[in-house]
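Taking it in order: structure first as C-alpha cells, then the write-up.
The values are calculated or read from the model by the stated rules, or taken from the named source; none is laboratory data. Since the model is a prediction, treat every value here as computed from it, not as a measurement. Cβ atoms come from the backbone with ideal geometry, glycine included; neighbour counts cover every protein chain shown.
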Amino acid sequence: MEEKKSLIKQFGPSTFSVKNTMTVFVLTAIIFIAGIRSYTSMPSEAFPEIVTPEIYVGTPYPGNSPLDIEKLITRPLEKEINGISGVDKINSTSVEGYSTIQVKFNFDVTPDEALRKVKDKVDAAMGQPDFPTDLPADPNVFELNFSELMPIMNINMSGEFSLDQLKEYGEYLEEKVEDLTEISKVDIRGIDAKEVRVLVDSKKLESMQLGFRDIAGAIQNENMTISGGNLLVDGYRRNVRVVGEIRDLDELRNVIIKSEKMQLVRLGDVAEIEFDEVERQSYARQYGASVVMLDVFKRSGENQIIVSEKIAGLLAEAQDGYFPDNLNISVTNDTSEQTKTQVADLENSIIFGMLLVVLVLMFFLGLRNAMFVGIAIPMSMLMSFVILNALGISLNTIVLFALVLALGMLVDNGIVVVENIYRFMDEGYDRITAAKLGAGEVALPIIASTATTLAAFLPLAFWPGLFGEFMKYLPLTLITVLSSSLFVALVINPGLTAALMKVEESPINKRKLTIRSIIAIVIGVGIAYGAGKMAFGNLFIYSGGFALIYAYFVVPATKWFQGTALPTIENGFKKTLAYALSGKKPIFFFSGTVVLLIFSGVLLGAFPPKTLFFPENMPNQA
C-alpha cells in the first residue's frame, strides 16, 4: 500500500482542500449564497441583447426629387463617411424629400465609437460649400438598439365605450407604464389622432402674390413662445416670456400673412381651416373586434420577468381605482411567459438531474457517497451564475439552452473523482489519504477530458458577423459551466469527501425518515403554492418523495443489485472480454469495426440526411 501511495502524484489544489476542509465548507457556502443572489438578479429576456455597430443618418429636405436628394445630400455624406476606418458596408436610400444612409461597422468597433466617427464626418460634410444650407433640420445621426425594437407585450383595451373614451383610458395607462424606469417607450395604436388642416385656395393665393412659404412662415412666427429675460421686482427675480401659441381655430384664421397699403391679408382669406381626424395609420383588433392597443418596449438590460410583474401590478391598481368595471383589459404576446417557462424548465431539470444522478450512483456507492456527486450539479450551476452575471450575460433562450445541454456533462468529473476516492477507501486507506490519492490520480485525465470538450465549443465563440454575436453565448455558457464543474470536482468534492465520506452505510430509521419526508413535502407544497416559489417548493417535495422511495424501495433494490446483479454483470463482462482477446480474435474484431465504419460512410453518402437549420413550427403571432 505504501509503494502504491508513493507512485501516485497528488494534485495541489485537491490536496489543499483536503487539508483545509473548513475552508471548503466556507467556500461552498459563499458559492451557494452568491449563486442564488446572482441568479435572482440576472436580467431575463427572450433573446440575447445584440449590440451592433450600425449607425443611421437621416436627412430631411422637403420639396426635392429623389435625384436632387441623392446629388445634394446623399453623395456628399457618403463621400465623407467612406473615409472612416472599420466600415464594413454602406447602404443609402434617396426618396422624395428624405435621405437615409445606413453605415455598418465591423464588430471590433464599439457602437459609441462608430456613432462619434459618423457624427464627425457628417459635420465635415455640412461644412462643405456645396452642401445645402436651407435644411429644415440638421441630419439626424442615431444608433438602432435591436433589443428595444420589439415590444415585450401588448396591452389591449376594449368594451362598450366610444373610441375617444378608450383613447383617454389608453393614454392614462400609457403615462403610468412609461413612468417605470425599466420602460423605454409605449406606443398606442388603434386610435384616431386629430390634426389641423389648412386647405389653401391656390387661385386666391396667386391673385394676392403669395406663396406657400409665406403661409408657413406666418404660422411659424405666430405660433411660438418667446423668452423675455427676467425682471427684478421687490427683491425677487421673475422670468418674463411672451406667450404666442395658437389655442383655437379662430386665432389661426386671423393670422396675418401680408400687410400692404393698410390692407391685411389673413390666413382665413386664402384658406379653409378645419380640425379633423388624421388618416388612420394603424388598426388594432382582438378576436375581430376593435381595441386600443399599447405596445410596451423595455430598456435593454432590464429583467423582462420583473418588468412584466410590475406592469401586471399597474393594471390591477388601475382597474381597482381608475378604470370602470366593464372595461376589458387583456395582455397578449407577453414574451416573459416563454422566458418564465424556460427558467422553470431549467430549475426542474437541475432538481431532477441531481436526483437521478444520486439514484443511479446509490446502487454503486450508497446514498451518502452519491450525494457528493449530486451536489456537483447545483454547485456548478450556482458558480456559473456568479460568473455569467459578472460578465453581464442575461438569462435568455441561448443561455438556458446551453445550461440544459451542460447538465448531462457536468457530473462526469464529479463521478470520476468521488468513485476513485471511494475505491481507495474501500482498499483500506483513511479518508484524508484516499481523498488526496483519489483526486490526484485522476486530476490530469479529467482536466484533459474537459479541455477536449471545451476545445470543441471554443471555435463557436469566434463566429464572425451578426449570427456569431447571437450564438457566442452558447460556447461561453458551456465553457463556464464545464470549467465550474471541473473546479467543483477537484476542489469542493475532495474536501467534502475527506470530511464526510464513509464506505459502509448507516442503518436507516424508517419511522424518523418517514416523518421528516412528510414534513418536507408539506413545507414544499406551502412554498410552491403559497409563496409562489415553484423551484424551491419542488425541491422540498421531490426530496421528501425521493427519501420515501429510497427507504422503502431503493435500499432493498440496492442490496440485491450489489449482492446479485452486479457480480453477475461483472462476471459476464470478464468472460466476454477474455473471449474477445483470445487468439486472433482481436484482429477479427478490429477489422469488423473498420468495415462497419466504411459501411456507415457509404450509407451516409447513399442516403444523405435532410438538412433543416430551423424546425418548422407555427408562429405564436403574425
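As an exercise: evaluate residue 452 against (1) more than 26 Å from the chain's Cα centre (by Cα); (2) within 23 Å of residue 497 (Cβ to Cβ) and give the number of the one condition it does not meet.
Status for residue 452: all satisfied but (2).
Just to verify a result, which residue in the stretch 114-161, among those that are among the polar types (S, T, N, Q) and farther than 21 Å from residue 61 by Cβ, is surrounded by the most Cβ atoms within 10 Å (Cβ to Cβ)?
For the stretch 114-161, the residue satisfying everything is 156.
Kindly check whether there is at least one residue in the stretch 531-538 that is modelled with pLDDT of 85 or more and over 15 Å from residue 358 (Cβ atoms).
No.
Going by the conditions given, is residue 492 farther than 20 Å from residue 406 by Cα and part of a helix (DSSP H, G or I)?
So residue 492 does not fit the description; no.
Quick grid of which residues meet (1) over 30 Å from residue 390 (Cβ atoms); (2) touching a residue at least 24 places away in the same chain (Cβ under 8 Å); (3) touching a Cys at 6+ places or on another chain (Cβ under 6 Å):
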{"position": "42", "(1), (2), (3)": "no, yes, no"}
{"position": "56", "(1), (2), (3)": "yes, yes, no"}
{"position": "61", "(1), (2), (3)": "yes, yes, no"}
{"position": "74", "(1), (2), (3)": "yes, yes, no"}
{"position": "78", "(1), (2), (3)": "yes, no, no"}
{"position": "81", "(1), (2), (3)": "yes, yes, no"}
{"position": "102", "(1), (2), (3)": "yes, yes, no"}
{"position": "106", "(1), (2), (3)": "no, yes, no"}
{"position": "116", "(1), (2), (3)": "no, no, no"}
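Out of curiosity, is residue 118 at pLDDT 85 or above and outside the structural domain of residue 314 (by TED's automatic domain parsing)?
Against the criterion (at pLDDT 85 or above and outside the structural domain of residue 314 (by TED's automatic domain parsing)), residue 118 qualifies.
Only one residue in 400, 405 is in contact with a helix residue (DSSP H, G or I) (Cβ under 6 Å, 6 or more places away or on another chain), under 23 Å from residue 350 (Cβ atoms) and surrounded by fewer than 23 Cβ atoms within 10 Å (Cβ to Cβ), so which one is that?
Of the residues listed, the single one that is in contact with a helix residue (DSSP H, G or I) (Cβ under 6 Å, 6 or more places away or on another chain), under 23 Å from residue 350 (Cβ atoms) and surrounded by fewer than 23 Cβ atoms within 10 Å (Cβ to Cβ) is 400.
Taking the stretch 235-262 on its own, how many of its residues are in a strand (DSSP E or B) and at pLDDT 75 or above?
4
Could you tell me whether the stretch 464-487 includes any residue that is closer than 30 Å to residue 391 by Cβ and basic (Lys, Arg)?
Checked against the condition, which is being closer than 30 Å to residue 391 by Cβ and basic (Lys, Arg), the stretch 464-487 yields at least one hit.
Can you list the helices (runs of 4 or more DSSP H) lying wholly within the stretch 1-113 that have 3 or more residues being in the same structural domain as residue 430 (by TED's automatic domain parsing)?
So the answer is 2-7, 12-19, 21-41.
Is there any pair with a first residue in the stretch 487-504 that is surrounded by fewer than 24 Cβ atoms within 10 Å (Cβ to Cβ) and modelled with pLDDT of 85 or more and a second that is of a type in the set (D, E, K, R) and in a helix (DSSP H, G or I) whose Cβ atoms are under 9 Å apart and which are 6 or more apart or on different chains, and what are they?
Matching pairs, first to second residue: 499/431.
Specify which of the listed residues (419, 427, 441) is touching a Leu at 6+ places or on another chain (Cβ under 8 Å), modelled with pLDDT of 80 or more, among the acidic types (Asp, Glu) and closer than 24 Å to residue 502 by Cβ.
The unique qualifying residue is 419.
Of the conditions (1) among the hydrophobic types (A, V, I, L, M, F, W, C); (2) under 30 Å from residue 21 (Cβ atoms); (3) in contact (Cβ under 8 Å) with a residue 12 or more places away in the chain, residue 451 satisfies every one except a single condition; which number is it?
Condition not satisfied by residue 451: (3).
Give me the pairs: first residue in the stretch 530-559 and at negative phi, second residue at pLDDT below 80 and of a type in the set (Asp, Glu), beta-carbon distance under 8 Å, and six or more apart or on different chains, which are they?
Listed pairs, sorted by first residue: 534/347; 535/347; 538/347.
Restricting the first residue to the stretch 414-438 and requiring it to be in the same structural domain as residue 357 (by TED's automatic domain parsing), which pairs with a second residue that is surrounded by fewer than 21 Cβ atoms within 10 Å (Cβ to Cβ) and of a type in the set (Phe, Trp, Tyr) meet a Cβ separation below 8 Å and a spacing of at least six or different chains?
419/364; 437/429
State which residue is farthest from residue 55 (Cα to Cα) when the search covers only the stretch 137-164 and only residues that are at pLDDT 85 or above and polar (S, T, N, Q).
Per the criteria, the residue is 158.
Residue 332 is checked against (1) closer than 25 Å to residue 36 by Cα; (2) out of contact with any Leu (no Cβ under 9 Å at 6 or more places or on another chain); (3) at pLDDT 85 or above; (4) of a type in the set (Val, Ile, Thr) and fails just one. What number does that condition carry?
Going through the list (1) closer than 25 Å to residue 36 by Cα; (2) out of contact with any Leu (no Cβ under 9 Å at 6 or more places or on another chain); (3) at pLDDT 85 or above; (4) of a type in the set (Val, Ile, Thr), residue 332 breaks only (1).
What pairs can you find where one residue is in the stretch 322-345 and aliphatic (A, V, I, L, M), the other is in a loop (DSSP other than H, G, I, E, B) and surrounded by 15 or more Cβ atoms within 10 Å (Cβ to Cβ), and their Cβ atoms are less than 6 Å apart, with a gap of 6+ or different chains?
Note: pairs meeting the criteria are 327/159.
Do we have residue 88 as without any contact (Cβ under 8 Å) to a residue 60 or more places away in the chain and surrounded by 15 or more Cβ atoms within 10 Å (Cβ to Cβ) here?
In short, no.
For the stretch 279-303, which positions are modelled with pLDDT of 80 or more and in contact with a Pro (Cβ under 7 Å, 6 or more places away or on another chain)?
Within the stretch 279-303, 295, 296, 297 qualify.
In this structure, is residue 457 free of Cβ contacts under 8 Å to residues at least 12 places away in the same chain and in contact with a helix residue (DSSP H, G or I) (Cβ under 8 Å, 6 or more places away or on another chain)?
no
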